[in-house]
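No value in this document is a laboratory result; all are computed from the given coordinates. Values in this document were obtained by computation on a predicted structure and should not be read as measured data. Cβ coordinates were reconstructed from backbone atoms using ideal geometry, including for glycine residues, and neighbour counts include every protein chain displayed.
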């Protein structure tokens, strides 16, 4: 029989199972796969946009996007989609209005959005919708 170990004396590491409570308060020990299935899903996709091309972004308003420019390590931004405007927080290569030489993510109407590649070459963006 294993020795009892106090909770605060347990070592760290990567678990095979977790401990918790189900919706009824019963003790459970789900695997990491089971926990991942229970978490809310996010929409994640890649798009390729040619220079000067405009991509219609149909993700609904009041979402948060994490946009990564895959050709340049560490370049990305967070985009807050409002009903009539967008707010961008992050790298200055992104813009919330149609600007030359930028990756533009902007509102085109009530609850409608577009991404325009204002750069001189094709780009691939990875987008996570939260």
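Sorted fewest first by neighbouring Cβ atoms within 10 angstrom, 75, 130 come out as 130, 75. When each of 126, 6 is scored by the number of other beta-carbon atoms lying within 10 Å, the sequence from fewest to most is 6, 126.
Among 113, 87, 69, sorting on how many other beta-carbon atoms sit within 10 Å of each Cβ, with the fewest leading, yields 87, 69, 113.
For the chain, the 222 nm mean residue ellipticity estimated from helices alone, with every DSSP H stretch of n ≥ 4 adding -39500 (n - 2.57) and the total spread over all residues, rounds to -1500 deg cm²/dmol.
Run the numbers on the chain and let me know its relative contact order in percent, using alpha-carbon pairs under 8 Å that are six or more apart.
Working: 244 pairs, mean separation 34.7, N = 130.
Answer for the chain is 27 percent.
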